[in-house]
Amino acid sequence: MKAQDRDNLYRLFRDHGDVLGTSGTALVALESFIASVRQVRCSADQLKGLVNELTTTIKSTEPRITPLIHLIEEFEAEMRDGYTADVTATKDRLIAVLQGKIDKQKEMLQRVVKHGRKCIADGDVVIVYSTSAAVRDILLEAHREGKKIRVLILKQDFTKTRKLIWSVTGADIDHQVIPEYNLSNFVASANKVFLGAISITPDQQAVCPLGTTEVVSLCHLRKIPVYLFADSLKFSHRPSSEHCIHAKLQDLRQDDVSYSMTIHSHCLLNLDMIDYLVTEDGEVDKSAIERYRCHPSAI
């Protein structure tokens with residue numbers, strides 16, 4: 001894959017992550033993978049090389065999309081002896097294995113939501129600073145159960161906030177949209193913070209949407225409990241320094257001043273700032289999460 005094509009693909013992953021969250025991005029990526037398998041025209045001896053080229057690129061995203069990489073490495077292991085001289089049969093096998101990974105991601109997300117909705121009680125005022133599909137579905141499920149809640153949505157770039165605003169508005173959930181830099185004027189009215197993450201690393205860091213650390217720091221100072229919802233596919237074997245958080249320089253000019261501003265795609269949040277960690281198994285002790293790293297892939 002050409003360098004420009006690879007960089008464009010990584011940017012597409014980041015754009016999808018801003019809108020759909022990590023789980024949603026993983027599902028879209030796997031569905032697109034299936035579409036590519038169906039559409040590719042090649043001989044049987046070319047197919048494995050084309051698949052390997054794509055999987056290698058996916059595993060090197062900036063930042064690393066840990067659940068997607070786990071699923072891709074499971075896919076590679078299951079396909080190790082699955083390539084045959086019959087290109088049609090091999091493509092059918094590829095699609096079936098990829099569909100199994102889609103089903104696994106959906107099932108794990110549903111389990112996180114099932115436990116997450118138990119974290120909401122009548123009268124809660126929840127701060128949300130996340131594009132997490134789990135957080136969004138938890139709020140919707142709690143509302144469907146009849147729980148009276150209010151959501152404080154911290155507006156980031158509108159592309160990151162649009163789907164959450166659209167979802168709670170459509171469900172008629174009481175909510176208020178506030179600028180992220182204005183949280184200090186509203187924080188006293190909230191009693192919980194809900195977050196998602198891309199990855200949780202062995203050095204006790206969570207790779208989160210940019211700005212999460214600053215938001216959580218204020219809430220932690222005000223003793224507002226912080227909930228992180230993450231299925232075990234998000235637990236990485238690599239330290240946070242190896243998660244390739246993307247950085248770019250943006251050239252700007254204001255009045256008669258020109259300057260370059262450095263912008264990162266994500267930030268790191270120390271797990272010490274998290275009060276409750278909820279996985280597909282329910283609330284887990286942060287000191288016991290190493291058991292989730294017994295994953296066949298070593299990402």
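When a/c reaches 1.5 or more, the comparison of a/b and b/c decides; with that in mind, is the range 117-235 rounded, prolate or oblate per its Cα gyration tensor? Here the range 117-235 falls in the rounded category.
For the pair Q46 and D81, label points projected 7 Å from Cα toward Cβ lie 2.8 nm apart.
If you plug the beta carbon distance of S217 and C244 into 1/(1 + (r/R0)^6) with R0 = 30 Å, you get a FRET efficiency near 0.80.
Only lysines eight or more places from K104 in sequence, or on another chain, were considered; those with a Cα closer than 21 Å are K59, K91, K114, K234. Computed over the range 18-172, relative contact order equals 30 percent, with contacts defined as Cα pairs under 8 Å that lie 6+ residues apart. Among residues other than D272 with Cβ under 15 Å from its Cβ, the summed charge is -1 (Lys and Arg +1, Asp and Glu -1). The amide H of H175, built 1.01 Å from its N in the peptide plane, has V151 as neighbours under 5 Å, considering only residues 5 or more places off or on other chains. Size of the range 37-153 from its Cα atoms: along the principal axes, largest to smallest, the extents are 61, 28, 23 Å.
Within the accessible area of the chain, the carbon and sulfur atoms contribute 50%, probe 1.4 Å, all protein chains present. Highest average first, the peptides 218-228, 242-252 ordered by how many other beta carbon atoms sit within 10 Å of their residues are 218-228, 242-252. Here the peptides 65-73, 172-180 are ranked by packing, the mean other Cβ count within 10 Å, and the order with the highest first is 65-73, 172-180. Summary of packing: across the peptides 148-157, 188-197, the per-residue average of other C-beta atoms within 10 Å ranks them, highest first, as 188-197, 148-157.
Built from the Cα atoms of the chain, the convex hull projects on average onto 17.5 nm², one quarter of its surface area.
Membrane-span-like helices in the chain, defined here as complete DSSP H runs extending at least 30 Å along the helix axis by their C-alpha atoms with mean Kyte-Doolittle hydropathy no lower than -1.0, are 87-116; this is a sequence and geometry rule, not a statement about a membrane. Rounded to the nearest 20, the Cβ-based charge dipole of the range 192-299 about its Cα centre (Lys and Arg +1, Asp and Glu -1) stands at 60 debye.
The values are calculated or read from the model by the stated rules, or taken from the named source; none is laboratory data. As the structure is a prediction and not an experimental result, all values here were calculated from the model. Positions of Cβ are backbone-derived with ideal geometry, glycine not excepted, and every protein chain shown enters the neighbour counts. The accessibility values were calculated without ligands, DNA or RNA, using every heavy atom of the protein model including side chains. Shrake-Rupley method; radii C 1.70, N 1.55, O 1.52, S 1.80 Å.
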